[in-house]
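Beneath this line is the structure, given in structure tokens, with notes to follow.
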Amino acid sequence: MPVITCIDDLKRIYARRTPRMFYDYCESGSWTEQTFRDNTSDFNKILLRQRIAVDMSNRSTASQMIGQDVSMPVALAPVGLTGMQHADGEIKAARAAEKFGVPFTLSTMSICSIEDVAENTTKPFWMQVYTLKDDDFMQRLFDRAKAAKCSAAVITVDLQVLGQRHKDLKNGLSAPPKLTVKSVANMMTKVQWGLGMLGTKRRFFGNIVGHAKGVSDPTSLSSWTAEAFDEALDWDRIRQFRKMWDGPLILKGIIDVRDAVQALNVGADAIIVSNHGGRQLDGALSAIRALPAIMDAVGDKIEVHLDSGIRSGQDVLKALAMGAKGTYVGRAYIYGLGAMGEAGVTKALEVIQKELDISMAFCGRRDVTTLDRDILMVPEDFEGRWAK
Ligand SMILES: Cc1cc2nc3c(=O)[nH]c(=O)nc-3n(C[C@H](O)[C@H](O)[C@H](O)COP(=O)(O)O)c2cc1C
């Protein structure tokens, strides 16, 4: 195994081993990708305050997210088509997460189905749910998650319409991939990936095909997705979803203070400050810059989590010190998965935990649950002063 010391190492191997279509699908933001870039570069604007001669022994990264014990407050975010990044990808990532002691969130648009992931893991995972028009499908999705013993539902509220990623359109992204001269030529150079895919039967959208009305074969899936998402979603509809699911509920995709306040009223257990990794509204604020105002408004009333742009344990440390109780990584673990399967996801989590732990020590702290802004140097204009 090559010596892996950071997430970028995994990304380089991932880029070599994964078909271009799926690499591009992961490594893109919408339109000009400004928000996608800001998500990571804004973390770099926050500096850490080093302390010395403070007892740094007996440190702990253990915490809780929505009342569940975690070995560090870093969950795996829901990522569609994970089973195309690596054969049986969702099962492999879920296994790595459960061994590491962090939550795995399964996307509605996964390749391995809810039932399949449940059968091949031993601990409860979280189920991400898109807000679709079809009530029957929604209720069945929640029921299936319950039957599979999922311990939380994550409802993604920032995808009523789909942000455009130029590369996906140009590549003709699909699952399974369309066989064009270009895609076949590229896939032939990805031997390990290809052998993995030949060895699995999981190549379609496992939660949709055979479960959504009118989608018995995968070729009708693209028309189903175009029709299925609910452009008319409002807070009453989100309240209906709250009634369909009686377990812990997390609302994902909040970036504006007013929406965070609304989320309080629907009875969610947590919100995720997120701009979908820069894949939805290009030109939106980065998640880390949106966090302080949301913390001020609702931080003492609801658990606040954050994703979008986290590539290191230092990023996690900054989000926690700003008040987030939990964080999620999307691309950072997909790089690991595409590079080395389950072992790569484990490696990504190890890298992040080590960076988190050592950076925390440098800041003179021993416990991730007691971090505060005192360890950070945040530029005065970090949040931005916007004209009314
Ligand atoms: C390839 C890819 C697919 C994604 N698919 C989903 C999805 O199916 N459901 C969802 O709620 N979010 C999805 N997301 C967003 C992630 O859950 C998460 O918000 C984002 O990846 C966080 O940003 P990061 O990648 O910079 O960590 C996806 C993100 C990526 C990169």
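Out of region 1-28, which residues are of a type outside the set (A, V, I, L, M), surrounded by fewer than 23 Cβ atoms within 10 Å (Cβ to Cβ) and in a loop (DSSP other than H, G, I, E, B)? Passing the criteria: PRO2, THR5, CYS6, GLU27, SER28. Identify, please: which residue in region 72-106 is under 18 Å from LYS149 (Cα atoms) and touching a Cys at 6+ places or on another chain (Cβ under 6 Å) and is, among those, farthest from the ligand (Cβ to nearest atom)? Ranking the qualifying residues of region 72-106, first place goes to ILE91.
Within region 21-39, the residues that satisfy the criterion of being of a type in the set (Phe, Trp, Tyr) and within 11 Å of the ligand (Cβ to nearest atom) are PHE22, TYR23, TYR25, PHE36. The single residue among LYS347, LYS301, LYS318 that is assigned to a helix (DSSP H, G or I) and away from the ligand (no atom under 16 Å from the Cβ) turns out to be LYS347.
When residues in region 132-143 are screened for being within 18 Å of PRO248 (Cβ to Cβ) and within 16 Å of the ligand (Cβ to nearest atom), 3 of them pass. Of all the residues in region 196-239, those that are among the small types (Gly, Ala, Ser), more than 24 Å from GLY89 (Cβ to Cβ) and assigned to a helix (DSSP H, G or I) number 2.
In this structure, is VAL368 in contact with a strand residue (DSSP E or B) (Cβ under 8 Å, 6 or more places away or on another chain), within 15 Å of the ligand (Cβ to nearest atom) and of a type in the set (Val, Ile, Thr)? Against the criterion (in contact with a strand residue (DSSP E or B) (Cβ under 8 Å, 6 or more places away or on another chain), within 15 Å of the ligand (Cβ to nearest atom) and of a type in the set (Val, Ile, Thr)), VAL368 does not qualify.
Assessment of region 279-291 against the conditions (surrounded by fewer than 23 Cβ atoms within 10 Å (Cβ to Cβ), away from the ligand (no atom under 15 Å from the Cβ) and of a type outside the set (A, V, I, L, M, F, W, C)) yields at least one matching residue.
What are the residues in region 241-250 that are surrounded by 13 or more Cβ atoms within 10 Å (Cβ to Cβ) and either part of a helix (DSSP H, G or I) or at pLDDT below 95 (or both), if any?
PHE241, ARG242, MET244
Residues in region 167-196 that are within 26 Å of ALA228 (Cβ to Cβ), over 21 Å from the mean Cα position of the chain (by Cα) and not hydroxyl-bearing (Ser, Thr, Tyr): LEU169, LYS170, ASN171, GLY172, PRO176, PRO177, LYS178, LEU179. Applying the set (1) at pLDDT below 95; (2) on the phi > 0 side of the Ramachandran plot to GLY253 leaves exactly one unmet item: (1).
Would it be correct to say that LYS92 is touching a residue at least 12 places away in the same chain (Cβ under 8 Å), crowded, with 21+ Cβ neighbours inside 10 Å, touching a helix residue (DSSP H, G or I) at 6+ places or on another chain (Cβ under 9 Å) and basic (Lys, Arg)? Give the derivation first.
Values: touching a residue at least 12 places away in the same chain (Cβ under 8 Å): yes; crowded, with 21+ Cβ neighbours inside 10 Å: yes; touching a helix residue (DSSP H, G or I) at 6+ places or on another chain (Cβ under 9 Å): yes; basic (Lys, Arg): yes.
Spelling it out, LYS92 is indeed touching a residue at least 12 places away in the same chain (Cβ under 8 Å), crowded, with 21+ Cβ neighbours inside 10 Å, touching a helix residue (DSSP H, G or I) at 6+ places or on another chain (Cβ under 9 Å) and basic (Lys, Arg).
Among the residues of region 121-130, which ones are touching a helix residue (DSSP H, G or I) at 6+ places or on another chain (Cβ under 7 Å) and closer than 24 Å to TYR25 by Cβ? Within region 121-130, PHE125, MET127, VAL129 qualify. Residues that are on the phi > 0 side of the Ramachandran plot, more than 16 Å from the chain's Cα centre (by Cα) and either at pLDDT below 95 or among the hydrophobic types (A, V, I, L, M, F, W, C) (or both) do occur in region 45-61, at least one of them. Checked against (1) within 14 Å of the ligand (Cβ to nearest atom); (2) on the phi > 0 side of the Ramachandran plot, GLY323 passes all but condition (1). Answer yes if at least one residue in region 147-163 is in a helix (DSSP H, G or I) and closer than 18 Å to GLY83 by Cα, and no otherwise. No, region 147-163 contains no residue that is in a helix (DSSP H, G or I) and closer than 18 Å to GLY83 by Cα. With respect to the conditions (1) aromatic (Phe, Trp, Tyr); (2) buried (at least 22 other Cβ atoms within 10 Å of the Cβ); (3) more than 14 Å from the ligand (Cβ to nearest atom), PHE362 lacks only one, and its number is (2).
Among residues of region 367-388 that are farther than 15 Å from PRO292 by Cα, none has a beta-carbon under 8 Å from a residue that is of a type in the set (Val, Ile, Thr) and exposed (fewer than 12 other Cβ atoms within 10 Å of the Cβ) at least six positions away or on a different chain.
Table: residues versus (1) within 13 Å of the ligand (Cβ to nearest atom); (2) under 14 Å from THR131 (Cβ atoms).
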| site | (1), (2) |
| --- | --- |
| ASP230 | no, yes |
| ARG239 | no, yes |
| GLY247 | no, no |
| ILE254 | yes, yes |
| GLY267 | no, no |
| ALA270 | no, no |
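Step by step: first the residues of region 132-184, then only those that are among the charged types (D, E, K, R) and in contact with a Gly (Cβ under 6 Å, 6 or more places away or on another chain), then the one that is modelled with the lowest pLDDT. Which residue is that?
Looking at the filtered set, the residue picked out is LYS178.
The values are calculated or read from the model by the stated rules, or taken from the named source; none is laboratory data. Because the structure is a prediction, the values reported are computed rather than measured. For neighbour counting, all protein chains shown are included, and Cβ atoms are generated from backbone atoms with ideal geometry for every residue, glycine included.
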